[in-house]
Amino acid sequence: MNFEDSPEEAAYRQKVRAWIAANAPDMSHLTPEERRPWQEGHKEVASKWQAIKADAGYGCISWPKAWGGAEGTAIDEAIFNQEEARAGLQFNYFTTGLHMLLPALLEHNKDEVSLSLIPPAIRGDKIWCQLFSEPSSGSDSAGVRSAAVKDGDDWVINGQKVWNSGAQISDYGMLIARTDPDVPKHKGLTAFWLDMKTPGVEVRPIKMMSGDNELNEVFLTDVRIPDSQRVGEVGGGWKVIISTLMNERAAFGSVSGLNWRDTMKLAKQVASWEGTAMDDPAFREWLADLYIDAEAVRLLSFRTLTSLSKGTAPGPEGSVGKLLWSGMAQNLSSQALDILDHGGLIDDPASALMNGAFQHRFLWAPGLRLGGGTDEIMKNIIAERVLGLPGDVRVDKNVPFRDIPRGR
Amino acid sequence: MNFDYTDDQKALKDEARKFLTGCSPLTVARGVLENPAEGHDPVLWARLVEQGWCGAAIPETYGGLGMGYVELCALAEELGRAVSPVPFASSIYLFAEALLVAGSEEQKQALLPLVASGELLGTVAVSEGPGVLTDQAVAAQVIDGKLSGVKVPVTDGLVAQRAVVLAQGASGAGLYLVDLTGPGVSREFLSTIDPTRGAARIAFDGAPAELLGEAGKGMELLSRVQDRAAILIAFEQLGGADRALEMARDYALERFAFGRQIGSYQAIKHKLADVFVKNEVARANAYYGAWALSSDAPELPLAAAAARVAASAAYWLASKENIQTHGGIGFTWEADCHFFFRRARHLALVLGAPRDWKRRLADRLELRLAAELAEGN
């Protein structure tokens, strides 16, 4: 057990820390509101920063040089992420493309056109989104109904996607469609990539309960794409879904958002019966419980790194970490509102303590427990894949997709 | 960076598990449960002594094997898993650590080799009854080298030959070494919620007491000793919590209701997934504690409090949900579930309750945040 950097890791950390300090983009012109994800100003800074990183070889550290990466280790990449977080530079616009979709694309497609998609993605010039979920295919991710029908050398796609993060600003998407409704649901799926400007693709932003727009609906009407944009085999879409999700789990580790430090800083500013909220024994007990979970999230990411550095597949800590940090986000934002008492009601960034960050988080947190696999799905994964408990009774397992009962 | 035991440590842990599977099945704990006056299993204890476990982390200069603390953590995890009824924690995590933290060179030379060889069994006697242990609450007193007062409960107080006792001295509370077999000491059996870890009420009446560490620094020294013990005990808790979860999992696979395995219902699956998550939180914090202990890192006090709070919560959840998963049979004397339930609470109280440790954790977090702000992070 060793939680310290090796001499090489320490040297790398020192190097990237200095580099980040010298090259970090200026965010001082942005208001607190503009600094929130998915705001125009925030996104502009993120793109600029991604290009600066790409020029210096930090755009996609662990990728092969042939694809524009630096062939660094997973540890290097994690150290760089930690140092970015330390400098307050955490942007999620490129994660879906660089860490989930494009690795899966390159695993299945080695052609020139697919390769040409990589460099602009690494520079942050092109953004990718995932077009997997549908109105009746959320946790049941193989329940996709959007249909792709072969027409000569092309495919014609009709259907609807939903909960697509960043689709409103994306240039490309990776899409799962049903190519055969006469076989059981997992077997009739196929993956494609497409330009979001293809005729027939319509993005409609979803206003979330926090008031932000990260998620979208995407309507597909007679969208025609060539067979060369197919990813993997016809009927091999489920495999592609699985490899992107595996990449997602491996990409967890550096978690953004408010933490125990921020909560303590807030508590020290808020009056209580005696002194500040920080002096309240009930708050202190709560803080101890929060801290052990926060430490677990931090330390479990080290376990992922240990696995990666030994060349073995990361274990179940991805699901454990996801459950913990999303629950923590809700727990700490709710607690912060409590100690603010009446002041917890105020979410105006101009007058609320810490620019209303906790109120904003409070309204965002329910989505964190849903996106990227719900609490319930994470628990199923742990129960079935780790503890070896039986899968649920599946009434749709060996039934042709078109015969599966459906609600509204 | 290595979030794991090394290969050598894993081999040691595997050997320890095989050894305890052979000589510390739950029937051994049951034997002590049925004869609580024993307080421990002397045959099992003799086997552990024979294996040299007592000296595992004690430096070679003091007659130990000097293997290191991560190795001791590995042994602790296996002892916890086996719910072994032995006085190992009292003698090794507490008594030996108290000598290492506070003892003079002479005291260490005189006593540690005896602890390492298993010839001497030690414990600590701090509590004087219900409520949080504070400086002012200590009534036991040493005057002219003679100790008077009552300590209760003292885990392993019946079998130990020496104790480190917290008592008031001329300059405040201090730690004192007392020979429990000597004059002025009367001990009586005390019934507790975990009879597999025996305890005593000890009355001192002018018992000879020798100062251990600086006079008047008892609470501070005790806190340092407890930090070290907290990490080792966290591994016992982790081992027990893992096994309680495995028991529940195994039962959920073999028990059928409404025509299928109860483990196929999400009510059970999600419950056990919650237990797994808590165990992982405990493991992460315990591993970090093991690293801090083995490298004597400045993070030790914070890591120790976090390990203790996390491991106490995990064992509690795992042990109660193990009973719940078993249903009625889990509530019987005959079933093994209550060993874990009893031990979980014994371990959570024996160094001070989680409530107390959450308070220590918050204090230490404040220090850490202040230090970070001073560094400009």
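Relative to the longest principal axis of the Cα atoms of chain A, the long axis of helix A:40-55 makes an angle of roughly 80 degrees.
A Gaussian network model of chain B, with springs between Cα atoms under 10 Å, assigns the largest mean-square fluctuation among B:Ala29, B:Ala344, B:Ala297 to B:Ala297.
Each label point was placed 7 Å from the Cα along the Cα-to-Cβ direction; for B:Gln141 and B:Ala257 their separation is 5.9 nm.
Going 7 Å from the Cα of A:Arg86 toward and past its Cβ, which residues in the range A:45-75 have a backbone nitrogen under 20 Å from where you end up? The answer is A:50, A:53-54, A:56-62, A:72-75.
Between the helical axis of A:237-251 and the longest alpha-carbon principal axis of chain A there is an angle of about 20 degrees.
Within the range A:369-388, what residues put their amide N at less than 18 Å from the label point 7 Å along the Cα-to-Cβ vector of A:Met209? Label zone hits: A:369-377.
Would you mind checking the pairs A:Lys150/A:Lys239; A:Lys187/A:Lys322; A:Lys43/A:Lys379; B:Lys108/B:Lys217; A:Lys53/A:Lys161; A:Lys65/A:Lys110 and listing those with alpha carbons more than 24 angstrom apart? From A:Lys150/A:Lys239; A:Lys187/A:Lys322; A:Lys43/A:Lys379; B:Lys108/B:Lys217; A:Lys53/A:Lys161; A:Lys65/A:Lys110, over 24 Å: A:Lys187/A:Lys322; A:Lys43/A:Lys379; A:Lys53/A:Lys161. At full extension, B:Phe189 and B:Gln266 could sit 23.2 nm farther apart than now, given 0.36 nm per residue minus the alpha carbon distance. In chain A the Cα-Cα distances spread across 10 Å bins starting at 0 as 4, 20, 30, 27, 14, 4, 1, 0 percent of all pairs. Name all residues of the range B:66-80 having a backbone nitrogen under 16 Å from the label point set 7 Å from the Cα of B:Thr21 along its Cα→Cβ direction, giving them as ranges. Answer for this model: B:78-80.
Counting every other Cβ atom within 10 Å of each residue's Cβ, B:Phe256, A:Phe192, B:Phe341 order from fewest to most as B:Phe256, B:Phe341, A:Phe192. Using C-alpha pairs below 8 Å separated by at least 6 residues, the relative contact order for chain A is 13 percent.
Counting only whole DSSP H helices of chain B, there are none at least 15 Å long by C-alpha along their axis and with mean Kyte-Doolittle hydropathy no lower than 1.0. At the listed q of 0.18, 0.20, 0.21, 0.22 Å⁻¹, the Debye profile of the range A:1-123, built from one uniform point per Cα, gives log10 I(q)/I(0) equal to -1.01, -1.17, -1.24, -1.31. Count Lys and Arg as plus one, Asp and Glu as minus one, and take only other residues whose Cβ is under 9 Å from that of B:Leu100; the net charge is then +1. Between the range B:115-184 and the range A:107-144, the C-alpha centres lie 67 angstrom from each other. Centroid-to-centroid, using Cα positions, the range A:348-408 and the range A:1-73 are 30 Å apart.
Taken residue by residue and averaged, Cβ atoms of other chains lying within 10 Å of the Cβ of B:297-305 number 1. Among A:Ile127, A:Ile176, B:Ile193, A:Ile75, a tally of other beta-carbon atoms within 10 Å of each Cβ gives an order, fewest to most, of B:Ile193, A:Ile75, A:Ile127, A:Ile176.
Summing +1 for each Lys or Arg and -1 for each Asp or Glu among the other residues whose beta-carbon sits under 14 angstrom from that of A:Lys43 gives -4. Within the shell of other residues whose beta carbon sits under 15 angstrom from the beta carbon of A:Arg224, the net charge comes to -4, with Lys and Arg scored +1 and Asp and Glu -1.
Which distance in Å, rounded to a whole number, links the C-alpha centroids of the range A:202-222 and the range B:307-377? Their Cα centres are 44 Å away from one another. Against chain A, whose longest principal axis is taken from its Cα atoms, helix A:281-309 shows a tilt of about 40°. When only the Cβ of Lys, Arg, Asp and Glu is charged (+1, +1, -1, -1), the dipole of the range A:258-347 relative to its Cα centre reaches about 620 debye. Between A:Asp195 and A:Ala271, the C-beta separation translates, for a Förster distance of 51 Å, into a calculated FRET efficiency of about 0.35.
Extending 7 Å from Cα along the Cβ direction at B:Ser171 and again at B:Lys10 yields two label points whose distance is 5.1 nm. Residue order for A:Thr244, A:Thr276, A:Thr312, B:Thr123, fewest other beta carbons within 10 angstrom first, comes to A:Thr312, A:Thr276, A:Thr244, B:Thr123. Between B:Phe331 and A:Gln330, the modelled label-to-label distance comes to 3.1 nm, taking each label 7 Å out from Cα in the direction of the beta carbon.
Coordinate-derived values only; no laboratory data. Because the structure is predicted, anything quoted here is derived from the model rather than measured. Please note: Cβ atoms are built from the backbone with ideal geometry, for glycine as well, and neighbour counts cover all protein chains shown.
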